[in-house]
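The values are calculated or read from the model by the stated rules, or taken from the named source; none is laboratory data. Computed from a predicted model, the values in this text were never measured in an experiment. Note: ideal-geometry Cβ built from the backbone for every residue, glycine included; neighbour counts use all protein chains shown.
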Ligand SMILES: Nc1ncnc2c1ncn2[C@@H]1O[C@H](COP(=O)(O)OP(=O)(O)O)[C@@H](O)[C@H]1O
Ligand SMILES: [Mg+2]
């Protein structure tokens, strides 16, 4: 094959000359006023986009449930469920004219789970527990797992608050809200971080999913990394304890508060870890993911040792490493199984028996701004669906067990 010839065309020479000319021409520096103008223009464009997107902005809708699904969620056979419905004279559910089957809204489903489900009642005098889903790395499944867990816990009768602590707002997006277009500064944790609000109560909003409320995030939340250390100069202020103070009144309202965090151990994630009663760290079966999991706990304990009061007094209700995106084969010598044995040897009982497989389902659902729990009955019949959903249910069951245990301890 002939070697490509060098291009000495006149056009190139022309370009060369114009670059030389451009280099020789003086150009003024950029002032902050100019940058301010750029920012103002960009904000105006964003506002225009926002107006267009809001009218009419498609809101997410929760799925409907079949009788079989509700009976399963109540841990009953279909006939047990039907008698239980009669015994409480429930009028919930509507017979669909299309196929004569009964279907229940999410709200009706959760009400039935609470009324006739077989789970033991929650202790009356309990405080809401905080679960932080965290890791050093992005892309390990924090957002997928935290949003799915929050939904799954409502389907076990719990009232849940979700706080998005990641400035990227991916979880907020999964709730059907566009972080950059729809989330204003006042709706995030930021006014509380600036200490303009006494706690986080102001920021709670309802979502399309019953019994699941949200404090959303946007890139405004990035500011927390500057404001939290700046606050530390104030007398009596403890920089790692601010979020903990902010959620105190919310622990009286919610059974569980799920935190999705950014892939870092910055000030905000440190606050999340400090106030968490339970920590979940997802880890794919890759050597680098294992390394960063190890690093995460190493750095966390190192930081903790520098926090007076915290290191001595803090006690977690649970810590769980969750294997995600697993490609496990029968052969024990595949990379996946080898890395799993590393995690087992290092994290021992903290490695939970929950293995979420690498699956096409989250990719498909995320592209429609959905989690697996958003899918309706018609969409959930495939084996791939079951393979992905089962470990997420197992995770929610394990978390539920840990919560009952934690409430027993007081
Ligand atoms: N078990 C899984 N199998 C395949 N893809 C997954 C799985 N869990 C998560 N993902 C995908 O990986 C990407 C990153 O997940 P995400 O939950 O956003 O991670 P993080 O919050 O840790 O950055 C997303 O596209 C998500 O759909
Ligand atoms: Mg995320």
inquiry  = Being surrounded by 16 or more Cβ atoms within 10 Å (Cβ to Cβ), within 16 Å of ligand 2 (Cβ to nearest atom) and in a helix (DSSP H, G or I) is the filter here; which residues of region 351-365 pass it?
reply    = 362, 365
note = When residue 289 is run through (1) more than 29 Å from residue 159 (Cβ to Cβ); (2) surrounded by fewer than 22 Cβ atoms within 10 Å (Cβ to Cβ); (3) in contact (Cβ under 8 Å) with a residue 40 or more places away in the chain; (4) touching a strand residue (DSSP E or B) at 6+ places or on another chain (Cβ under 8 Å), the failure sits at (2)
remark   = Checked against (1) loosely packed, with under 15 Cβ neighbours inside 10 Å; (2) at pLDDT below 95, residue 253 satisfies every condition except (2)
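Take residue 128 and tell me if it is touching a residue at least 24 places away in the same chain (Cβ under 8 Å) and either away from ligand 2 (no atom under 16 Å from the Cβ) or at positive phi (or both). Talk me through it step by step, then tell me what you get.
Working: touching a residue at least 24 places away in the same chain (Cβ under 8 Å): yes; either away from ligand 2 (no atom under 16 Å from the Cβ) or at positive phi (or both): yes.
Criteria met by residue 128.
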Answer residue from region 143-167, given it is more than 13 Å from ligand 2 (Cβ to nearest atom) and in a loop (DSSP other than H, G, I, E, B) and is surrounded by the fewest Cβ atoms within 10 Å (Cβ to Cβ) among those = 159
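Search region 168-187 for residues being part of a helix (DSSP H, G or I) and more than 13 Å from ligand 1 (Cβ to nearest atom), and hand back the single one that is nearest to residue 297 (Cα to Cα). If you could, list the steps in order and put the result at the bottom.
Step one: filter region 168-187 for residues part of a helix (DSSP H, G or I), giving 170-174, 179-182, 185-187.
So of that shortlist, the ones also more than 13 Å from ligand 1 (Cβ to nearest atom) come out as 179-182, 185-187.
On the way: 179: 30, 180: 32, 181: 35, 182: 35, 185: 32, 186: 33, 187: 31 Å.
Here the residue is 179.
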ask   = Would you call residue 213 part of a strand (DSSP E or B), surrounded by fewer than 24 Cβ atoms within 10 Å (Cβ to Cβ), in the same structural domain as residue 326 (by TED's automatic domain parsing) and more than 16 Å from ligand 1 (Cβ to nearest atom)?
value = yes
ask   = Mind checking whether some residue in region 324-335 is in the same structural domain as residue 284 (by TED's automatic domain parsing), under 14 Å from residue 148 (Cα atoms) and buried (at least 17 other Cβ atoms within 10 Å of the Cβ)?
value = yes
task = Could you please find all residues in region 120-142 being surrounded by fewer than 24 Cβ atoms within 10 Å (Cβ to Cβ) and within 9 Å of the chain's Cα centre (by Cα)?
result = 141
inquiry  = Here is a check on your reading of the model: is residue 265 within 16 Å of ligand 2 (Cβ to nearest atom), assigned by TED's automatic domain parsing to the domain that holds residue 171, over 17 Å from the mean Cα position of the chain (by Cα) and closer than 26 Å to residue 392 by Cα?
reply    = no
remark   = When (1) over 16 Å from residue 214 (Cα atoms); (2) out of contact with any strand residue (DSSP E or B) (no Cβ under 8 Å at 6 or more places or on another chain); (3) more than 8 Å from ligand 1 (Cβ to nearest atom) are applied to residue 134, the one that fails is (2)
key: Output for region 388-410, where each listed residue is in a helix (DSSP H, G or I) and over 25 Å from residue 175 (Cβ atoms)   = 401, 404, 405, 406, 407, 408, 409
key: Condition check for residue 260: within 16 Å of ligand 2 (Cβ to nearest atom) and closer than 20 Å to residue 145 by Cβ   = yes
inquiry  = Tell me whether region 74-92 contains one or more residues that are modelled with pLDDT of 95 or more, within 26 Å of residue 369 (Cα to Cα) and within 27 Å of the chain's Cα centre (by Cα).
reply    = no
